[in-house]
Amino acid sequence: MKKKVCDAWVPKRNQKGGEKGFFFVPSLQELCLEMLADNADAMVSLEGVPDELIRKLCNLLCDSRKMNTRFLELLLSGSPTEIRLKDCSWLTEEQFAKYFQTCDTTRLEVLQLDQCGRCIPDYALLGTLRQSPRWLPKLITLSLSGACRLSDKGLHVLASSAPALRSINLSQCSLLSSASINILADSLGSLLKELYLDDCLMIDAAQIVPGLKKLKHLEVLSLAGIQTVSDEFIKDYIIECGHNMKELILKDCRKLTDASIKGVAEHCPGLCALDLMNLDKLTDLSLGYLTNSCRALHTLKLCRNPFSDEAIAAFLEITGVSLKELSLNNIKKVHCYTCLLTFLSIGSCVCGCMHWKGSLCS
């Protein structure tokens, strides 16, 4: 009887994709922040702590679901310049009103209250802002992603209270209509540089073109998931206003075809970042347009598209030197050698193609 020949031993991989026994050693700062997050309830003050460290600590607390009103009170004490909470799903209307009505926001420059649908309906904003007509005089960046109870009326109050606003994230604000863009344009037309409208399902792309054209200095526009974004929208808006555009996010705008990418490539000469994920009507022609015209690109996301291996390889050969990040997840025709070429060329590639089981990243 023949002995069974054992299969060649293959090392197991840990959750981060490395070989078993390969460890990522945390820095001393990371260890200290984790210790602080574990004992956040014992903290009595954040005075003197740099904003960068407070931001990292807030992220740790939100990720671990340990953020609470006690730490929020520490964040709002004094006269903060940044308040960053990427998950406010735990915060109630009453708590929002209680703590923000007494907060000194005269120096506040960054306000992030994502996933705040539970705590920020229009009437809560009106009650808080009624205390001062210029509640946010120095605010530059505002993020209210997931504010599903914020309407056009509430946005008008916010825009009027933040006259210096440069960047606003309104992703997943499902009550906002196309009129919201006119509200922003009337209040912030000469100032706003960044606008994020991902998955705002009541917004009709064709109806917001006049308002977008009033935002003369807009450099970043995200319309991910808005199904009314079409070739006609790109033609009407990008051809006239694309010269200022530095970042354009069109992920999941599945009506777009090669004609749109041609328009973007020809009329956005300074474009640095472009997200074209999950646009199944695109062909290799789109990569050709980008190769010929978008020489300033350093970030390009092409996941879940039907591009060929040859087209991506040709694109890399010409533009690979300027790229810093290229995402190729779930492009079935991309070969592992192209992924390897990408990694060697730009040092950062994410690939989940059929021939390469895994990912390469810097």
Notebook entry, point to check: Of the residues in segment 187-209, how many are open to solvent by 30 Å² or more (accessible area, probe 1.4 Å), at pLDDT 95 or above and out of contact with any helix residue (DSSP H, G or I) (no Cβ under 7 Å at 6 or more places or on another chain)?
Noted result: 9
Margin query: Can you say whether Glu30 is assigned to a helix (DSSP H, G or I) and over 21 Å from the mean Cα position of the chain (by Cα), as far as the supplied structure shows?
Written below: yes
Next item on the list: Output the residues belonging to segment 52-109 that are outside any helix (DSSP H, G or I), among the basic types (Lys, Arg) and closer than 19 Å to Ser145 by Cβ.
Entry: Arg65, Arg84, Lys86
Checklist line | Single condition Tyr123 does not satisfy, out of (1) in a loop (DSSP other than H, G, I, E, B); (2) open to solvent by 40 Å² or more (accessible area, probe 1.4 Å); (3) not acidic (Asp, Glu) | finding: (1)
Margin query: Suppose the filter is assigned to a loop (DSSP other than H, G, I, E, B), open to solvent by 90 Å² or more (accessible area, probe 1.4 Å) and free of Cβ contacts under 8 Å to residues at least 24 places away in the same chain; does Val49 pass it?
Written below: no
Check: When you scan segment 50-79, how many residues do you find that are over 23 Å from the mean Cα position of the chain (by Cα) and among the β-branched types (Val, Ile, Thr)?
Finding: 1
Note to self: Can you report the number of residues in segment 127-149 which are part of a loop (DSSP other than H, G, I, E, B), open to solvent by less than 50 Å² (accessible area, probe 1.4 Å) and at pLDDT 95 or above?
What the structure shows: 5
Item checked: Odd one out for Gln115, checked against (1) at pLDDT 95 or above; (2) open to solvent by 30 Å² or more (accessible area, probe 1.4 Å); (3) more than 21 Å from the chain's Cα centre (by Cα); (4) closer than 25 Å to Met202 by Cβ -> (3)
Notebook entry, point to check: Can you tell me which residues in segment 154-168 are open to solvent by 40 Å² or more (accessible area, probe 1.4 Å) and polar (S, T, N, Q)?
Noted result: Ser160
Next item on the list: Filter segment 270-301 down to the residues that are out of contact with any Cys (no Cβ under 9 Å at 6 or more places or on another chain) and of a type in the set (Val, Ile, Thr), then identify the one that is modelled with the highest pLDDT.
Entry: Thr283
Check: When you scan segment 266-286, how many residues do you find that are more than 18 Å from Leu218 (Cβ to Cβ) and either of a type in the set (A, V, I, L, M, F, W, C) or not in a helix (DSSP H, G or I) (or both)?
Finding: 9
Note to self: Restricting to segment 209-257, count the residues that are touching a Leu at 6+ places or on another chain (Cβ under 9 Å), aliphatic (A, V, I, L, M) and either without any contact (Cβ under 8 Å) to a residue 12 or more places away in the chain or not in a loop (DSSP other than H, G, I, E, B) (or both).
What the structure shows: 7
Item checked: Single residue of segment 169-186 satisfying the filter (hydrophobic (A, V, I, L, M, F, W, C) and more than 15 Å from Leu221 (Cβ to Cβ)) that is surrounded by the most Cβ atoms within 10 Å (Cβ to Cβ) -> Cys173
Notebook entry, point to check: In segment 287-335, how many residues are of a type in the set (D, E, K, R) and either farther than 23 Å from Val220 by Cβ or open to solvent by less than 50 Å² (accessible area, probe 1.4 Å) (or both)?
Noted result: 5
Margin query: Quick check on segment 91-111. Is at least one of its residues without any contact (Cβ under 8 Å) to a residue 12 or more places away in the chain, within 23 Å of Cys173 (Cβ to Cβ) and not charged (D, E, K, R)?
Written below: no
Check: Do we find a residue being within 20 Å of Asp87 (Cα to Cα), in contact (Cβ under 8 Å) with a residue 24 or more places away in the chain and not β-branched (Val, Ile, Thr) anywhere in segment 175-184?
Finding: yes
Check: Do the conditions hold for Met245, that is, is it of a type outside the set (D, E, K, R) and within 15 Å of the chain's Cα centre (by Cα)?
Finding: no
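The values are calculated or read from the model by the stated rules, or taken from the named source; none is laboratory data. Since we're looking at a predicted model, the values are computed, not measured. With ideal geometry, Cβ positions are generated from the backbone for all residues, glycine too; neighbour counts draw on all protein chains shown. Note: accessible area is taken over every heavy atom of the protein model, side chains too, but ligands, DNA and RNA are not part of it. Shrake-Rupley method; radii C 1.70, N 1.55, O 1.52, S 1.80 Å.
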